[in-house]
Amino acid sequence: MIKKLEATIGTNLITIETGKLAKQASGSVLVRSGDTMVLVTAVGDKVNKPELGFLPLTIEYQEKMASVGRIPGNYFRREIGRPSENEVLTCRIIDRPMRPLFADGYCAETQVIASVLSADQENAPDMLALTGASCALTLSDIPFGGPVAGGRVGYIDGNFVMNPTVKELEGSAMDIVVACTEKAVVMVEGQAATLPEDTVLDAIFYAFEKLQPLIEVQKELQAACGKQKRDVEPSQVDEGLYSRIVDCAKADLETVISTGDKLERGSKYEELKAKVNGELDPEGERSGEISELLSKYRKTAMRAKIVNESRRIDGRAFDQVRPISSEAGYLPRAHGSALFTRGETQALVSATLGSERDQQRVETLGGEENKRFMLHYNFPPFCVGEVRRLSGPSRRDIGHGTLARRGIEAALPDVSEFPYSIRVVSEVLESNGSSSMATVCGASMALMDAGVPISTPVSGIAMGLIKEDDKVVILSDILGDEDHLGDMDFKVVGTADGLTSLQMDIKIDGVDRDIMGKALAQAKAGRLHILGEMEKGIAEARTEISEFAPKYHAHQINPDKIRDIIGPGGKIIKELSAEYDAKIEVEDSGLVKIFTTNGTSFDALMDKIKTLTAEPEVGAVYKGVVKTVKDFGAFVEIMPGTDGLVHISELDKSRVNKVTDIVNEGDELEVKVLEIDGRGRIRLSRKALLTD
């Protein structure tokens, strides 16, 4: 049965249709806004595998170039296997709100694929994909506990705008994605132009209210077309075995969860696990089950200690940030660098400056884009004491790097003030809680060390939540275990004046405005404290860029002279670049941008460019070469590509019968410019330079 329903979100009409396309999938919908259409399918394997102990969920988002009437620009002329950065980020914002909502005990292979079939360049497809993923799962037989609705909120001229168009978003002071159920907000991610916490909080719950019609549409579609949900046996707990584990582990577990050092705590827990298995299962027949139940007990005990005893794993107060050390200029040859350490999390961050040619060129549905600022985050296995094959950046690496990049971008100078391309690389050397926030702090310091005039330093902090019944505890600067065993991971980035980016994921039904407001207020205090600690490493941007960074200079020429620098087929500019070890960029306006490795090569290059592009001046004297001799005078090249006429009457003070009596082709001749007429013709004189 084909069924189509619609809802108005902000000023956008969104329609969801099912029953027409991809009918062999477990659930499928076509979501449309304007002429943007996204097909989303959900398929769950028929065989449940509870022995896996986790949900093997895969989320894929594909931007088809045919959707905008373009052929891909790569060599293969097709969408290649590796997703783009934007596709990866969209997969993450779909995955994060969906994953916690599947039924306990459901462990079947599950895949959601969102494909952009049509894109009108006005209505963004990513939010349609998010809502479509929820609807496809809701309509399927997969035991999913949605529905979820997703949308983007902007802030334009002091007003919130729901699902702004691509063009509207360019003038927005906010770009925040919100996902919610009918009861609460379940995911937040985005950036802001240094806005107050209250404004961001209002935006999030403005979106929550505006998205409710999409929840109702999904429920109505489910009632009309939804499949019967599969019966899934929730994970069964052997209460007798669990009780024996508690009795066996209780004394030692208290020591484990009170050990502040991460590696020592892990070692003690492994010893406890071996002890419990040895005493309760010497034959090793139930080791997996025992390990799982012991992990459950550890989570319960840790949460109880925090909620009931007001004691964290490492003994800190709930709002206390771990000790911080910061050092700028750590790498001697990098253009800028910083080593930022917070507790057992450490990031070594470098900043590199380049020319306009170093910008990253990205092919998107909207066409080719150039990124002046790049932030790359690397999380090698040794930072958590593991062994793992090195490969390209993971989805997590891309997501964490993007969060940090968004947070820093608000403080960057305009290209007119600082014309360099900028690449920041964060190498996470240790990790025990929010290496992405350490990356933000290290990036801010590295940029200042590189001499980038950022408007103000930026810091970040990760907040956690433990909620047991009506007891709620908000934790500042969470440890890895507090993240893993807690109910929320809320990363907040900003300056002393406001927020620049944020990301929130939760593992419970949702959080209300009161909890989120308290978390933002507590995060602000932590963020300000961290800024103070960063100031000890470097307080403001250096006044000069590194001696190893390229030197930038600009020179304006007549646009008509551009061809004299470029040369036929780019020959001249290539030769200049090679000879003077420089990058030369020429704009249509005649602005020549020069990036050189040192000042000496710049001076020599500048002299050459001035010679190539010089224009004759009336009254100026030039030594030229006679190029052509005519009966009426001689044409003299006074500068490369520029000729003037010395009339026969201007060759000498006395009468000249033949031009060749004075000059011949190839002779050097000193002449003075008498006139340049409106058509650019130059009249020269030898006579004017002759003395009596």
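Since every read-out is calculated from the coordinates, none of them should be taken as a lab result. No experiment lies behind these values; they were computed from the predicted model shown. No Cβ is skipped: glycine too gets one built from the backbone with ideal geometry, and neighbour counts run over all protein chains shown.
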Going 7 Å from the Cα of Asp238 along its beta-carbon direction, which residues of region 283-304 have the amide nitrogen within less than 16 Å of the resulting point? 283-297
Order of Tyr420, Tyr269 from fewest to most other C-beta atoms within 10 Å? Tyr269, Tyr420
Dimensionless Rg/Rh of region 36-114, both radii on Cα and Rh by Kirkwood, sits at 1.07
Counting only C-alpha contacts under 8 Å and six or more residues apart, can you give the relative contact order of region 239-309 as a whole percent? 37
A 21 angstrom limit on the alpha carbon distance is what I want to check against. Which of Lys46/Lys227; Lys630/Lys653; Lys630/Lys658; Lys4/Lys507; Lys273/Lys296 exceed it? Lys4/Lys507
Given the convex hull of the Cα atoms of region 621-689, what is a quarter of its surface area in nm²? 4.2
Provide Thr596, Thr364, Thr660 in ascending order of the number of other Cβ atoms located within 10 Å of each residue's Cβ, fewest first. Thr660, Thr364, Thr596
Going by how many other Cβ atoms sit within 10 Å of their own, how do Phe635, Phe76, Phe102 line up, fewest first? Phe76, Phe635, Phe102
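As an exercise, take the mean of 1/r over every pair of distinct alpha carbons in the chain, invert it, and state the Kirkwood radius in angstroms. Write down the numbers at each step before the final one.
Values: mean 1/r = 0.0337 Å⁻¹.
This gives a value of 29.6 Å.
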Under the rule rounded for a/c under 1.5, else prolate if a/b exceeds b/c, else oblate, using alpha carbon gyration tensor axes a ≥ b ≥ c, region 236-288 is classed as prolate
Straight-line reach only, C-alpha to C-alpha below 14 angstrom: list the aspartates and glutamates that Lys524 could link to, leaving out same-chain residues fewer than 8 apart. Glu197, Asp198, Asp319, Asp477, Asp497
Among Ile562, Ile506, Ala614, whose Cα projects farthest towards the positive end of the dipole of region 494-615, with charges put on the beta-carbon of Lys, Arg (+1) and Asp, Glu (-1)? Ile506
Amide H neighbours of Ser118 at under 5 Å, excluding residues fewer than 5 places away on the same chain, with H built from the backbone geometry, are Met37
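Per DSSP helix of 4 or more residues, -39500 (n - 2.57); summed, then divided by the residues of the chain. What does that give at 222 nm, rounded to the nearest 500?
Counting only the DSSP helices, I get -10000 deg cm²/dmol.
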Mind checking the dipole of the chain: about its Cα centre, +1 per Lys or Arg Cβ, -1 per Asp or Glu Cβ, Debye to the nearest 20? 1040
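At R0 = 25 Å, how high is the FRET efficiency between Ala554 and Asp581 if r is their beta carbon distance? Nearest 0.05 is fine.
0.85
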The chain: relative contact order as a whole-number percent, Cα under 8 Å and 6+ apart: 10
Run the reach check for Lys167 against aspartates and glutamates, Cα to Cα strictly under 17 Å, same-chain hits fewer than 8 apart removed. What comes back? Asp35, Asp120, Glu122, Asp126, Asp157, Asp175, Glu368, Glu369
Using unit Cβ charges (K, R positive; D, E negative) and no other charged atoms, how large, in debye to the nearest 20, is the dipole of region 457-576 about its Cα centre? 860
May I ask you to derive the relative contact order of region 324-535, considering only C-alpha pairs under 8 Å and at least 6 residues apart, and to give it as an integer percent? 22
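Once the Cα gyration tensor of region 551-613 is diagonalised, what are the square roots of 5 times its eigenvalues, in whole Å and ordered largest first, as equivalent ellipsoid semi-axes?
The equivalent ellipsoid of region 551-613 has semi-axes of 17, 13, 10 Å.
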